Amino acid sequence: DLSLLERGGLKDLIIGVESGSQRMLDSINKGLSIETVHALNRRLASYPFHPRYCVMSGFPGETEEDLAATVSLMARVIEENPRASTNCLYPVIPYPGTEHLAKAMAQGLEPPDSLEGWTAFDTYVALRDGLDRILPWVTEDRAKLLRRLYVISNFIDEKSDIVSNPV
């Protein structure tokens, strides 16, 4: 299948890994192992397209070790595959219709009661105006750390995007 994608002209492949912590992947029912991510990344190194791994932070129950595992994954995929890159370390956003929303509500989230209210559930708004409104389980110190990691992750390698909405 990868050869077919190559022949079809695929340039970029976006892969939603979500976390570098197996514990977090299991908690969100991702159905993915960290070993599989690394094996795929090494396999993709022999193809001309660019894999971009998407990761998030701020999951309910996420520990310092879980967060460190995610940052480590971001660095390791780039080391393993020169064409690989990662997105910024965005905070997880609990959207309607997702299992994550139910977990977030159990942790104290009060979801908006209108479609217009959901417009505030935006990554950049959350980073700028406060993660506590969208991620009530995140302490103030943790929110500061997540904002810093978001900014720093923009510069993880020379292929990273330019910060378009600095926080």
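Longest exposed-loop-site-free stretch of the chain, with trypsin sites (Lys or Arg not before Pro), DSSP loop and at most 15 other Cβ within 10 Å?
So the longest stretch without any such site is 31-158.
Tell me, what % of the accessible area of the chain is carbon and sulfur with a 1.4 angstrom probe?
After summing per-atom areas, the C and S share lands at 54 percent.
For T86, enumerate residues with amide H under 5 Å from its amide H, sequence gap 5+ or separate chain, H modeled in the peptide plane.
Result for T86 returns Y53.
With no solvent and one equal point scatterer placed on each C-alpha of the range 16-78, evaluate the Debye formula and give log10 I(q)/I(0) for q = 0.21 Å⁻¹, two decimals.
At q = 0.21 Å⁻¹ the computed log10 ratios are -0.79.
Would you please give the FRET efficiency between D113 and V151, computed as 1/(1 + (r/R0)^6) with r the Cβ-Cβ distance and R0 = 30 Å, to the nearest 0.05?
0.40
Find the accessible area per residue for the range 1-63; the probe is 1.4 Å, ligands and nucleic acids are left out, and the unit is Å².
Result: 52 Å² per residue.
The values are calculated or read from the model by the stated rules, or taken from the named source; none is laboratory data. Every value quoted in this text rests on a predicted model; they were computed, and no experiment measured them. So basically every Cβ, Gly included, is an ideal-geometry build from the backbone, and we count neighbours across all protein chains shown. To get the accessible areas, we keep the full protein, side chains included, count just its heavy atoms, and leave off ligands, DNA and RNA. Shrake-Rupley method; radii C 1.70, N 1.55, O 1.52, S 1.80 Å.
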